[in-house]
Structure formats: C-alpha cells, structure tokens
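Encoded as structure tokens, the structure appears first; notes follow it.
The values are calculated or read from the model by the stated rules, or taken from the named source; none is laboratory data. Since this is a predicted model, take the numbers as computed values, not measurements. All Cβ positions, even for glycine, are placed from backbone atoms using ideal geometry, and neighbour counts span all protein chains on display. Quick note on the areas: whole protein, heavy atoms, side chains included, nothing else; ligands and nucleic acids left out. Shrake-Rupley method; radii C 1.70, N 1.55, O 1.52, S 1.80 Å.
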Amino acid sequence: MCGLPLPKTARLVQNTPMLTTYKTILLGLSLGIALLACPHARAQEQDATEEQTKRLLQFAANNTEFDEKVEAQAKDLFKEQITSCKSPEKAVRQLPRLYGQIQFPADPNNQFPPPTYGVWSEHVKIKGCGKIWDINMLGVARQKGMPMLLALLPGQTLSDPAIQRNAERVGATTVKKADAESCAADANANYTVFLGYRTPEGGITKTDAGQGWFEEWTYDFCQQSIPVQMVYMPNGKNGFDIKARIVPSAMPKVPLPKPTASPEVSAPAKPEAPVAPAPEAPASGTDTKGLL
C-alpha cells in the first residue's frame, strides 16, 4: 500500500498503486534495450530516450543524498500546499519522469553521478489524515552539485509543467467569470485529481486511447473551495486544447441584486413569473458532457 514503510531496496516505487521497485524497472528497460538490436528495432531517437531514462533511474536509485533531499523537500512542500492536513506521516518517493534530453558525466567507477543537463519531474506520496497525497517537484540538473528542486502543483495531473501553467490559467479564468462581481481576488489552484482518459466519442474510460484525458482541479477563491473539471484534447500540433467548467453543484455564490427602489417608496408589486424547474446537477468527477 502506498505510503507505508518499505525496505530500502524498494523505497522508490512506480507512480501507481503497484509496488514496482527500481530494480524491476531497470531489468525491464535492460531487456527492452537488448531487443532493440533486432531488425524491427525502434528509431535511434527512441533508443537514446530509453538509455537516458535508464540512467536517470539508476541515479535516482543509487544516490542517497539526493533521495533524502527529495523526500525532505516534499515534506516541506506538503506543509505549504496541503493546508487541510497538519499531520503528514510516511513519505514514499515514486519514479521520476524525464522531460526531453538529459546528459550525464562520464562515470568510470559506476557510481551513477547526478546529471549535468536536463529536467524531469519527481513525485512523492505522503500519507496523512487518512489519505494519500501526491507532492510533485521539477528536478533541474546543474553543471556541478546536486540538482535543484522546484515546486509543481500537488496532485495527480498528467500534464507537464508547461501545460500545467496554461491549464491553471484556463481554470482560474473560468472561476473568475462565474463570480466576477462579488470578489476581486485571484483564483489559485491547490490540488489536482486525474479522472480518466477521453474516448474518441468524448466519454471517459480507464484506457488511454490517445484522445486526451479528464482531470478535476480544486481552486481557492474568496474563502471558497471551487472544483473545476478540465479536459485535455490533442490539437494535432504536439499540444493540447484545454476546456474547463465549474462542477455545477459547486458554483460560487453570487451577490444579491441591488434594490431598485428607495426604502421610503416601495416599488409596485409585479406578478411573479413561473419558476422553471432547476436541472439536476451531475455528480462531481464523473459527468464530463459539459466539457465537450
């Protein structure tokens, strides 16, 4: 179970409920790289990516100093980002995810030194208040010394840092438009939850069909917690079009309309129009039709 103490050899686990150790992943990558010698091998670019991913995993699994740095910073970020829980418990580091190219220095002693160029994401699951929380960071290589760690949004979002920034803006704009008159504050994302993959027909499924995916982001806005559903749709330009909507049952409260008559003179009564039945709000995190 994620978040529970593990032996040192299995501390770094895959970013799924399965406890897949780095040694298992490295074995699979080694076998995959060996198979690239066959006539149906992948392109050289894919070969390089596999090898770079292997080196990153080797560094992560064999560098105690950086491992401790990742977990310590994740605990500090937890205190800043997860305001609803004040009692974090065990932290368990997950597999890093490589973004683009990465470079390592020559290593004749097989000590797996830190990279000197490249960026990747680090993920740590922390148990607290009866839940498992995801803390995310961006690893940035340096020419000398240990890599830097920069905070990313907490949660389960599949988007990379560049897409996260655009998605955060889209969601914040959606919240502000829904309640533009009653509050002048900014809407700030504080947690992300992955809902499922998008089907070719626009539905939701557990299987990735290459049609994008759905997430639910929670925004802090004027002392309210606003859930916003997001859909990521491939745009054919190596990017995504992002749409957002507030979960209907959680629409922020709007101010009452101003009176049209002074207190001294009452406005004449008008016949009331019949009230239309309100549509039933969809359940949060499941209905995605309003996003399509």
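Couple of notes before you dig in:
- Check on Glu45, acidic (Asp, Glu) and either open to solvent by 40 Å² or more (accessible area, probe 1.4 Å) or modelled with pLDDT under 60 (or both): yes
- Residue under evaluation Ser249, criteria (1) in a loop (DSSP other than H, G, I, E, B); (2) modelled with pLDDT of 65 or more; (3) open to solvent by 70 Å² or more (accessible area, probe 1.4 Å); (4) more than 16 Å from Glu168 (Cβ to Cβ), criterion not met: (1)
- Comparison of Asp134, Asp186 shows that the only residue that is at pLDDT 95 or above, touching a Phe, Trp or Tyr at 6+ places or on another chain (Cβ under 9 Å) and either loosely packed, with under 14 Cβ neighbours inside 10 Å or outside any helix (DSSP H, G or I) (or both) is Asp134.
- Scanning the stretch 211-225 for residues that are within 18 Å of the chain's Cα centre (by Cα), more than 11 Å from Leu195 (Cβ to Cβ) and open to solvent by less than 50 Å² (accessible area, probe 1.4 Å) returns Gly212, Thr218, Tyr219.
- Applying the criterion of being within 18 Å of the chain's Cα centre (by Cα) and open to solvent by 30 Å² or more (accessible area, probe 1.4 Å) to the residues of the stretch 234-246, the residue that is farthest from Lys176 (Cα to Cα) is Pro234.
- Failed criterion for Val175 (all others in (1) surrounded by fewer than 20 Cβ atoms within 10 Å (Cβ to Cβ); (2) assigned to a helix (DSSP H, G or I); (3) hydrophobic (A, V, I, L, M, F, W, C) hold): (1)
- Boolean, Lys125 is out of contact with any Ser or Thr (no Cβ under 7 Å at 6 or more places or on another chain) and either buried (at least 17 other Cβ atoms within 10 Å of the Cβ) or of a type in the set (S, T, N, Q) (or both): yes
- Against the list (1) closer than 24 Å to Phe104 by Cβ; (2) touching a Phe, Trp or Tyr at 6+ places or on another chain (Cβ under 9 Å); (3) small (Gly, Ala, Ser), the condition Gly145 fails is (2).
- The single residue among Lys237, Lys270 that is at pLDDT 50 or above, more than 19 Å from Thr192 (Cβ to Cβ), of a type in the set (Lys, Arg) and not in a strand (DSSP E or B) turns out to be Lys237.
- Selection status of Val170, in contact with a Phe, Trp or Tyr (Cβ under 8 Å, 6 or more places away or on another chain), over 30 Å from Thr64 (Cα atoms) and assigned to a helix (DSSP H, G or I): no
- Checked against the criterion of being more than 19 Å from the chain's Cα centre (by Cα) and surrounded by fewer than 19 Cβ atoms within 10 Å (Cβ to Cβ), the stretch 91-102 has at least one qualifying residue.
- Selection status of Ala180, at pLDDT below 90 and outside any strand (DSSP E or B): yes
- Residue tally, condition part of a loop (DSSP other than H, G, I, E, B), touching a residue at least 24 places away in the same chain (Cβ under 8 Å) and not β-branched (Val, Ile, Thr), over the stretch 101-131: 7
- Under the condition of being open to solvent by 30 Å² or more (accessible area, probe 1.4 Å) and assigned to a helix (DSSP H, G or I), the residues counted in the stretch 137-167 number 5.
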